[in-house]
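Engineer: Just dropping this structure here.
The values are calculated or read from the model by the stated rules, or taken from the named source; none is laboratory data. Since we're looking at a predicted model, the values are computed, not measured. Cβ coordinates were reconstructed from backbone atoms using ideal geometry, including for glycine residues, and neighbour counts include every protein chain displayed. Calculation scope for accessible area: heavy atoms of the full protein, side chains included, ligands and nucleic acids excluded. Shrake-Rupley method; radii C 1.70, N 1.55, O 1.52, S 1.80 Å.
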Amino acid sequence: MMTMRPQEDLGVEAKKAAVREVAKLLPVPESLASIASIKADYALRQQANDAQLSVTVTTQVEQAQAGIEALSASQKTIQMLQQNFLLIDKLCQECQTLIENHDQIKLLSNARNNLNTTLKDIEGMMSISVEASEARDSLGDDRELVHTFERLTALDGKRRFALAAASSHKEEAGKLSPHTLVRALRVVEMQEVLDQQQAEEAAEAEGAGAMASITKPRRATKKPLTPPASPGFLVKEKMQGQGKCYKDKCYEYIRKSVEARFDKLLSKFVFEDLKVALEDGRSIAEELADIYDFVAPCFPPRYEIFQLTVQLYTERFIQMLRLLSDRANELSNIEILKVTGWVVEYQDHLIGLGVDQSLAQVCAESGAMDPLMNAYVERMQATMQKWYTNILEADKVHPPKKTDDGKLYTPAAVDLFRILGEQVQIVQENSTDVMLYRIALSVIQVMVDFQAAERQRLEEPVTEIGLEPLCAMVNNNLRCYDLAMDLSSSTMEALTPYYAEQMISLPNRPRDDKTPRTIEMH
């Protein structure tokens, strides 16, 4: 019942609408006479509409049939393409077994395609600056507004493409292994070698033509002849400025990156804060391990990237040491030992990475630390002289002591060599071999000066010295001999063979001669 009611309402509404339309067509009784003409007109219109509808339906049916036929043909074509692709894959698999080094050829092809794509991207990115400059120049001309807008629109599109390309390349590069990068670089290197060979052949051909023209001069020419250029010279001259020089460019960018890495250390830290400078130098030196593990494997072994990086790092660390040496008078002995200790750490770090010991010691033996070592040695020697002078003065005031077996002595010898031994040990633990050698020379000089001071006192009259102090002095000097031999042995063991040989040749070095007797007082 509920569904029937709306339908009846629609029928009533339709009747009312029809009545209104009829009322419009026949507003007066006289209009009834035109009913026949109205019916005839309606019949004509209905006939025309039926004909048009029939044509339209027929056309749609024909188009639908054509579409179905095209779809069927497309399906057959797709099936044929699928079969062809399967056949191609099958043939490719068969070719892989027939062609040698197919996998390498495939990698080479992919590398060339990627390289060409990258070069095109780079060319597009490089053109951005030129087009931006042109757009900037046209902004001031009102007549170029349309062209300026077009240029800005094109620039925005290139900017978006460059950002998207850089992002995708970054993601792809993150997935590459060092072996893949090595293969890519080797492909580039092989291409460079091939280009160079072709250029040399072309240059040699031109050189041969030039030689032929030189050996057959015109008779009418009366100018003095210059010696003909050799073909090798012509080839070299032709080759200048040619080639992509990938290895040289690689070295150049590595040098620039190293200079940028050392910029703050050499321009700021080394002048402001020694502790910060050494810490920054230590963190930079630690990067060599990552370069050895991750960077060097990404390049062909012929490039020797790790050796190059070690050389560049060492050169700049030597520059750091020279800058610190310019401030040698401002640094304390403890700070100087920190610098030399850092050099030892860097040296051990290089040796741990497989660097030859002679190359690892370049920093220490470059002479960059000479002002620092000179300052430390001079201060230490002056301090030692003050100490043994005070020790000798104390011996004049305090009476000698006696051992259980009746030997007279003073603490002078023991105190002096204890202090000397401590200085040698400090330098041995915190400095380089050359610094230890310099300290050993300074210790010898201190002992020579101490011996001279003792001899000078022995020249004084016995009545002024006293018999017991005189015996104590003799016993002290004999004890100094034993202590000097012990200090010499421990120092020689700490020195490297090269510096140990230098020490052996010194005339004032303590030697193992016959030990004289001590003097006893009963």
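Per-residue answers, yes or no, for (1) in contact with a Lys or Arg (Cβ under 8 Å, 6 or more places away or on another chain); (2) among the aliphatic types (A, V, I, L, M); (3) surrounded by fewer than 15 Cβ atoms within 10 Å (Cβ to Cβ):
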residue: G352; (1), (2), (3): no, no, yes
residue: A360; (1), (2), (3): no, yes, no
residue: V377; (1), (2), (3): yes, yes, no
residue: P400; (1), (2), (3): no, no, no
residue: L408; (1), (2), (3): yes, yes, no
residue: A413; (1), (2), (3): yes, yes, no
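Engineer: Could you tell me which of the residues E454, E429 is more than 54 Å from the chain's Cα centre (by Cα) and either charged (D, E, K, R) or part of a helix (DSSP H, G or I) (or both)?
Structural biologist: E454
Engineer: Scan segment 308-336 for residues that are among the acidic types (D, E) and closer than 16 Å to F269 by Cα and jot them down.
Structural biologist: D326, E330, E335, listed by residue number.
Engineer: Identify the residue in segment 306-347 that is among the β-branched types (V, I, T), in contact with a Phe, Trp or Tyr (Cβ under 9 Å, 6 or more places away or on another chain) and within 16 Å of P371 (Cβ to Cβ) and, among all such residues, is surrounded by the fewest Cβ atoms within 10 Å (Cβ to Cβ).
Structural biologist: For segment 306-347, the residue satisfying everything is T340.
Engineer: For the subset of segment 256-272 comprising residues that are farther than 13 Å from Y313 by Cα and under 20 Å from the mean Cα position of the chain (by Cα), which member is most open to solvent (accessible area, probe 1.4 Å)?
Structural biologist: K264
Engineer: For segment 491-517: of the residues being more than 14 Å from I444 (Cβ to Cβ) and modelled with pLDDT of 80 or more, which is least open to solvent (accessible area, probe 1.4 Å)?
Structural biologist: Checking each candidate, the answer is A494.
Engineer: Additional query: Being touching an Asp or Glu at 6+ places or on another chain (Cβ under 9 Å) and open to solvent by 20 Å² or more (accessible area, probe 1.4 Å) is the filter; apply it to segment 471-488 and report the residue that is modelled with the lowest pLDDT.
Structural biologist: N477
Engineer: Still on this structure: Please enumerate the residues belonging to segment 381-416 that are assigned to a loop (DSSP other than H, G, I, E, B) and in contact (Cβ under 8 Å) with a residue 24 or more places away in the chain.
Structural biologist: Matches in segment 381-416: P399, P400, D405, G406, T410.
Engineer: Related question: Given the condition among the polar types (S, T, N, Q) and touching a residue at least 40 places away in the same chain (Cβ under 8 Å), answer yes or no: does some residue in segment 282-298 qualify?
Structural biologist: no
Engineer: List pairs: first in segment 332-352 and farther than 14 Å from E429 by Cβ and hydroxyl-bearing (S, T, Y), second open to solvent by less than 50 Å² (accessible area, probe 1.4 Å) and part of a helix (DSSP H, G or I), Cβ under 7 Å, 6+ apart or cross-chain?
Structural biologist: As it stands, the answer is Y346/A285; Y346/F317; Y346/C363, since those pairs meet every condition given.
Engineer: Taking the condition over 30 Å from M190 (Cβ atoms) and out of contact with any Ser or Thr (no Cβ under 7 Å at 6 or more places or on another chain), does L119 pass?
Structural biologist: no
Results for (1) among the aliphatic types (A, V, I, L, M); (2) farther than 29 Å from K338 by Cβ; (3) in contact with a Ser or Thr (Cβ under 7 Å, 6 or more places away or on another chain); (4) at pLDDT 85 or above, shown as yes or no for each residue.
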site: Q361; (1), (2), (3), (4): no, no, no, yes
site: L372; (1), (2), (3), (4): yes, no, yes, yes
site: V377; (1), (2), (3), (4): yes, no, yes, yes
site: D395; (1), (2), (3), (4): no, yes, yes, no
site: G406; (1), (2), (3), (4): no, yes, no, no
site: Y409; (1), (2), (3), (4): no, yes, yes, no
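Engineer: Quick check, is L392 surrounded by 12 or more Cβ atoms within 10 Å (Cβ to Cβ), within 16 Å of E454 (Cα to Cα), aliphatic (A, V, I, L, M) and within 60 Å of the chain's Cα centre (by Cα)?
Structural biologist: So L392 fits the description; yes.
Engineer: Continuing with the same structure: Based on what the data block shows, is E422 farther than 21 Å from D486 by Cα and surrounded by fewer than 18 Cβ atoms within 10 Å (Cβ to Cβ)?
Structural biologist: no
Engineer: Select from segment 273-305 the residues that are surrounded by 15 or more Cβ atoms within 10 Å (Cβ to Cβ), aromatic (F, W, Y) and in a helix (DSSP H, G or I) and list them in ascending order.
Structural biologist: Y292, Y303
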